[in-house]
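Okay, structure first, notes after.
The values are calculated or read from the model by the stated rules, or taken from the named source; none is laboratory data. Note that the structure is predicted; figures quoted are calculated from it, not measured. A quick note on method: Cβ atoms are made from the backbone with ideal geometry, for glycine too, and the neighbour counts reach across all protein chains shown. Ligands, DNA and RNA are stripped out before the accessible areas are found, and what is left, the full protein with its side chains, is counted by its heavy atoms. Shrake-Rupley method; radii C 1.70, N 1.55, O 1.52, S 1.80 Å.
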Amino acid sequence: MLMKEYRVCMPLSVEEYNIGQLYMIARHSHEQSEKGEGVEVVINEPHEDPVHGKGQYTEKRIHLNSRLPSWVRAVIPNIFYITEKAWNYYPFTKTEYTCSFLPRFVVEIETRYENNNGSNDNCLNLTQEELIQREVIFQDIAYDELPEKHYKENEDLKKFKSVKTGRGPLEEGWIKTQQPIMCSYKLVRVKFEVWGFQTKVEGFTHTAIRDILLLGHRQAFAWIDDWIDMTKEDVRNYECKQQLETNLKLGGGHRGDEKPRKEDRKKSR
């Protein structure tokens, strides 16, 4: 198992990002989807946990065969998809990624959002053993490099200035001086217990996750003028609209024989 903790700061408050996160995920999923590939929403409904309280459970299928490296495509079928199950008890969330074709492949992500600049060294209450195992990675949404295919000038935070909030552009060292500021603490565990492939698959997965986290958090701020005035009801309505359109892009309806099981949504661990 390869375990890393990503810390991603943004010039937002945790309260603001409660809306921004939902908007960003819905819009990003829609933009990244095209006919036959992308993110298909299977379940999106309220959920209550005895420990964490009221939240939202979502289940999605991520169809991405053509986006995988050739050495992975060579061993998987064309109907390949990854199942994402997420329990959102904001400001704490849990997400799990699995693949029925690769039963020993699991990605688990625990996230907590706090109003600081990444200074909490044990935000997710890890054990002493886990603290020794983890690798901490700080991401700078303005100055860390993204793959060229993801770059858009209007999302370049070294140049972007929000009209509605006046925040930005982000100058070097902004994480030390910016107010408001918050941090996404994301503990990512990747397991692929297959001899001969474990190191390669776990390393590739973390590289992909690192890029996705950087892009998503960058877009959340770059799109702030589109969501900052939204209420929770507004963003949930937007989310439903985007999900319907995204599912239509993918051909509509659930594909394949696998049915989402009701008991799966209870597994928030």
message: For the chain, give me the percentage of DSSP beta bridges that are antiparallel, rounded to the nearest 5 percent.
response: 90 percent
- request: Kindly flag which residue pairs out of LYS149/LYS191; LYS4/LYS159; LYS164/LYS232; LYS54/LYS176 have an alpha-carbon separation exceeding 25 Å in this structure.
  value: LYS149/LYS191; LYS4/LYS159; LYS54/LYS176
- line: The distance between the Cα centres of the range 85-144 and the range 153-204, in whole Å, is 13 Å
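For the chain, what is the mean residue ellipticity at 222 nm derived from helices alone (per DSSP H run of n ≥ 4: -39500 (n - 2.57); sum divided by total residues; nearest 500 deg cm²/dmol)?
-9000 deg cm²/dmol
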- prompt: Taking the highest mean first, how do the peptides 52-58, 1-7 order by number of other beta carbon atoms within 10 angstrom per residue?
  reply: 1-7, 52-58
- request: Would you kindly state how much longer the chain becomes between GLU130 and TRP195 on full extension, computed as 0.36 nm times their sequence separation minus their alpha carbon distance, in nm to one decimal?
  value: 21.1 nm
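By how many nm would the segment from ASN18 to MET230 grow when fully extended, if each residue of separation counts as 0.36 nm and the alpha-carbon distance is taken off?
Difference between extended and current length: 75.3 nm.
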task: Within 10 Å, count the other beta carbons around each residue, average over each peptide in 131-137, 41-47, and list them highest first.
output: 41-47, 131-137
field: Percent accessible area from carbon and sulfur atoms, the range 176-255, protein chains only, probe 1.4 Å
entry: 57 percent
- line: With the dipole of the range 1-45 defined by +1 on each Lys or Arg Cβ and -1 on each Asp or Glu Cβ, the option from VAL39, TYR23, PRO11 whose Cα lies farthest towards the positive pole is PRO11
field: Within a Gaussian network of the chain (alpha carbon springs, distance under 10 Å), most fluctuating of PRO50, PRO169, PRO103
entry: PRO50
message: Suppose the chain between SER119 and LEU244 were pulled fully straight at 0.36 nm per residue; how much longer would it get relative to their current alpha carbon spacing?
response: 41.1 nm
- line: Counting only protein heavy atoms and rolling a 1.4 Å probe, one gets per residue an accessible area for the chain in Å² of 52 Å²
field: Percent breakdown of C-alpha pair distances by 5 Å bin, ordered from the shortest bin, for the chain
entry: 1, 5, 12, 16, 19, 19, 15, 9, 4, 1, 0
